[in-house]
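Worksheet for the structure shown next.
Here, each number is a calculation from the coordinates, and none is a lab measurement. Note that the structure is predicted; figures quoted are calculated from it, not measured. For neighbour counting, all protein chains shown are included, and Cβ atoms are generated from backbone atoms with ideal geometry for every residue, glycine included.
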Amino acid sequence: MPGRVPGAGDDDQEKKQVPQHETGGAPGAPAHEVRDFLRRRSEQIAQRWADEPLFRTVFTVSREEAVEAGRAVVDALARVADSRRVEDPDAAGFSAVREQLARMGAARSRAGLSAAQVSSELAALLPPVDRLLVADLERERPERLRECSTALTVLMGTLRLVAMQTALSEIQALTDRQRLQLLEVATPVIKLWDGIVAVPLIGTLDSARSQVVMETLLNAVVDQHARFAILDITGVPTVDSLVAQHLMQTVDAVRLLGAECVVSGIRPAIAQTIVHLGLDLGTVKTRAGLADALGHCLDELGANIVAAAPGGADRR
């Protein structure tokens, strides 16, 4: 076989044989270097994170529990680095640990830490990993080490963002549930008489609270077998068009259950608003106050109420 003539082809061959990470590599190569590092040092990273406040104070059953959680996070980071999407909080690799990150963030928030403090604890996870990376790649060229360190920093920053977003979503969901519970507590249904229930409303009404009022009152009508339901809005400072429509819907819904709804306590300002909005309350029974509404319901029930005369004697 004839020998190959040395020439420019030798340079091309040598370039092909040079490892990609020694030539600077293609875009994203530092992310793959970080991926390999995370997989090599997964156990060491998890062990170091187990001693950090974020893991140590959340996973209190055993240290191994914290280490296991750390391994899961490191594995997720390696998957994200493998996809080269180190700046993307929506990278698929994060999906496996979102629930865990949410529990960790929520646990620290319940312990009294602010969002800034939780963020600081997340930021504290970077230094021990970066020190391991520097030691692991100490033989690399300085510029290559800087590239890998930057990729790791960006990746950890994205993890921090994902954790905060997830934790804040959990906190918002908890806040919404607590708000709904408070609305239910702030909307009591009172049994005034056999067959008569009332909801005294105090404070501003919005769409969410109006919906709670409707549900609470309808349930009470069914549970109490009520014939009359009084909706007292004496303590409501103002009513907008949407809330007024909700009140009308509540009246109609009570009527569908076979009961009569009486609205009491319509203040002058609210009356003017209703007239200005052009709402028709012609089919709605209204009374000036709660006592008048109760008196109307008792009369409809055929109850004989006698007012007490001065001195305790009955006034006939």
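So what is the calculated 222 nm ellipticity per residue for the chain, using -39500 (n - 2.57) for each DSSP H run with n of 4 or more, over all residues, to the nearest 500 deg cm²/dmol? Intermediate results must be reported in sequence, preceding the final value.
Numbers: 13 runs with 187 residues, N = 316.
It comes out at -19000 deg cm²/dmol, rounded to the nearest 500.
Expressed in whole Å with the largest first, what are the equivalent ellipsoid semi-axes of the range 27-181 derived from the C-alpha gyration tensor as the square root of 5 times each eigenvalue? Intermediate values should be presented prior to the final figure.
Numbers: eigenvalues 165, 56, 31 Å².
Result for the range 27-181: semi-axes of 29, 17, 13 Å.
If I take R0 = 51 Å and measure r between the Cβ atoms of Ile305 and Thr57 in this structure, what FRET efficiency does the formula 1/(1 + (r/R0)^6) give, to the nearest 0.05?
Values: r = 63 Å, r/R0 = 1.24.
Efficiency computed from Cβ-Cβ geometry: 0.20.
Once the Cβ-Cβ distance between Ser114 and Gln211 is put in as r, and R0 is 35 Å, what FRET efficiency do you end up with, to the nearest 0.05?
Numbers: r = 32 Å, r/R0 = 0.92.
Rounded to the nearest 0.05, the efficiency is 0.60.
Considering only Arg177, Arg98, Arg141, give the residue with the highest GNM mean-square fluctuation for the chain, with springs between Cα atoms whenever their separation is below 10 Å.
Per the Cα network of the chain with a 10 Å cutoff, Arg141 tops the list.
With a cut-off of 8 Å between alpha carbons and a minimum separation of six or more residues, what is the relative contact order of the range 120-206 in percent? The partial results should precede the final answer.
Details: 29 pairs, mean separation 16.0, N = 87.
Over the range 120-206, the number comes to 18 percent.
Can you give me the distance in nm between label points at Arg103 and Ile190, each placed 7 Å from the Cα along the Cα-to-Cβ direction?
Once both label points are built, they end up 4.5 nm from each other.
Tally the DSSP beta bridges in the chain and give the antiparallel ones as a percent, rounded to 5.
Working: 4 of 18 bridges.
Bridges in the chain are about 20 percent antiparallel.
Given H placed 1.01 Å from N in the peptide plane, which residues other than close sequence neighbours of Asp232 have an amide H under 5 Å from its amide H?
Those qualifying (amide H under 5 Å, at least 5 residues apart or on another chain) are Val199, Leu201, Ser264.
With a point put 7 Å past each Cα toward its Cβ, work out how far Leu256 is from Arg146 in nm, to one decimal.
A separation of 7.0 nm, rounded to one decimal place.
Compute the length gained on full extension between Ala173 and Thr204: take 0.36 nm times their separation in residues and subtract their Cα-Cα distance, giving the result in nm to one decimal.
Values: separation 31, 0.36 × 31 = 11.16 nm, distance 2.25 nm.
Contour length minus the Cα-Cα distance gives 8.9 nm.
If the elastic network links every pair of Cα atoms under 10 Å, which of Val118, Val61, Val212 fluctuates the most in the Gaussian network model of the chain?
Val61
If I compute percent of Cα pairs over 38 Å apart from the structure I just sent, which labelled value in (i) 51; (ii) 9; (iii) 16 lines up?
(i)
Please list, ordered by chain and number, the residues whose modelled amide H lies under 5 Å from the amide H of Lys285; skip anything fewer than 5 residues away on the same chain.
HN-HN under 5 Å from Lys285: Val263.
Mind listing the long-range amide H neighbours of Leu192? Cut-off is under 5 Å, sequence gap 5 or more, other chains count too, H placed in the peptide plane at 1.01 Å from N.
Sorted by chain and number, the residues that satisfy this are Val197, Ala198.
Using a simple spin-label model with points 7 Å from Cα along the Cα→Cβ vector, what separation in nm is obtained for Gln224 and Ala288?
2.4 nm
Based on the Cβ-Cβ distance of Leu242 and Leu161, what FRET efficiency does E = 1/(1 + (r/R0)^6) give at R0 = 30 Å, to the nearest 0.05?
Details: r = 36 Å, r/R0 = 1.22.
The value I calculate is 0.25.
If you average the sequence gap of Cα pairs under 8 Å that are 6 or more apart and divide by the length of the chain, what percent do you get for the contact order?
Working: 368 pairs, mean separation 36.6, N = 316.
Once normalised by length, the contact order is 12 percent.
Please give the Cα centre distance for the range 157-182 versus the range 233-283, rounded to the nearest Å.
36 Å
Val154 to Glu65: extension gain in nm, 0.36 nm per residue of separation minus the Cα-Cα distance? Don't skip to the end; give the middle numbers.
On the way: separation 89, 0.36 × 89 = 32.04 nm, distance 2.69 nm.
Length difference between fully extended and current span is 29.4 nm.
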